Amino acid sequence: HFNGTPAFTGVQPWHQVEQIGFSPSFIYAASNKWTYVVGPQFEWSRETGANWSDALVYGLTFAATRTVSSTLTLGIGVGVFSRLKETTYFPALLINWRISDHWRLTNPFRAGPAGPGGLELVYTPDAKWEFGGGAAYRSFRFRLDNNGPFPDGIGQTNYIPVYGRVAYKFSPRFRLDFYAGALLDG
């Protein structure tokens, strides 16, 4: 949702944005050390009232990871996306590092049209509790409503979500996560 009227234009550029997507992943374990992932992604992103047929965002992520040890997996990837009259690409650092029995550094988000996966530091004091904090860069583009102040235009939001989270595991199959954070540089 975009609320409030901008000070300079006096016009609210958009109201509510809807997104729906499909992103299968194909994983190939070449050996017990190397894994390759290819992920085509398709997403429709639009303001309510815009045509779904004009709102397609699509692209591909490719990554190669190597298991360095039983506690460290590193990788590098790239994403290339057609985002409504704009082609973007980005590198992605992939990490899953169990620093100790209680600390882990990992990617909190999946790389996709909005950008790479970011980083999260996680502290697990016991089998039930988990505390984490992280950040990433995100950029979303979406088709604007045909009848709005910018007919057939493209909206874009860029920001850095910074968050903290607390998780409680009730059982191996059920856990509850609480997030608090802010969107910076938006």
Under the condition of being in contact (Cβ under 8 Å) with a residue 40 or more places away in the chain and open to solvent by 30 Å² or more (accessible area, probe 1.4 Å), which residue from region 59-87 is nearest to residue 147 (Cα to Cα)? 85
Region 105-130, residues that are in a strand (DSSP E or B), open to solvent by 20 Å² or more (accessible area, probe 1.4 Å) and more than 28 Å from residue 158 (Cβ to Cβ): 123, 129
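Any chance region 90-112 includes a residue that's over 20 Å from residue 39 (Cα atoms), more than 19 Å from the chain's Cα centre (by Cα) and aliphatic (A, V, I, L, M)? If you could, list the steps in order and put the result at the bottom.
The first filter runs over region 90-112 and keeps only residues over 20 Å from residue 39 (Cα atoms), leaving 97-105.
Still in the running and more than 19 Å from the chain's Cα centre (by Cα): 97-104.
Retained after the next criterion (residues that are aliphatic (A, V, I, L, M)): 99.
Yes, region 90-112 contains a residue that is over 20 Å from residue 39 (Cα atoms), more than 19 Å from the chain's Cα centre (by Cα) and aliphatic (A, V, I, L, M).
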Kindly indicate the residue of region 12-29 that is open to solvent by less than 60 Å² (accessible area, probe 1.4 Å) and at pLDDT below 90 and also farthest from residue 155 (Cα to Cα) among those meeting that condition. 17
How many of the residues making up region 138-180 are more than 17 Å from the chain's Cα centre (by Cα), under 27 Å from residue 90 (Cα atoms) and not in a loop (DSSP other than H, G, I, E, B)? 3
List the strands (runs of 3 or more DSSP E) that sit entirely inside region 16-91 and contain at least 1 residues that are out of contact with any Ser or Thr (no Cβ under 6 Å at 6 or more places or on another chain) and basic (Lys, Arg). 34-47, 56-69, 72-83
Check residue 85 against each of (1) within 12 Å of the chain's Cα centre (by Cα); (2) at pLDDT below 90 and name the one condition it does not meet. (1)
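The values are calculated or read from the model by the stated rules, or taken from the named source; none is laboratory data. The shown structure was predicted, so the numbers you read here are calculated from the model rather than taken from an experiment. A quick note on method: Cβ atoms are made from the backbone with ideal geometry, for glycine too, and the neighbour counts reach across all protein chains shown. Protein only, heavy atoms only, side chains kept; ligands, DNA and RNA dropped before computing areas. Shrake-Rupley method; radii C 1.70, N 1.55, O 1.52, S 1.80 Å.
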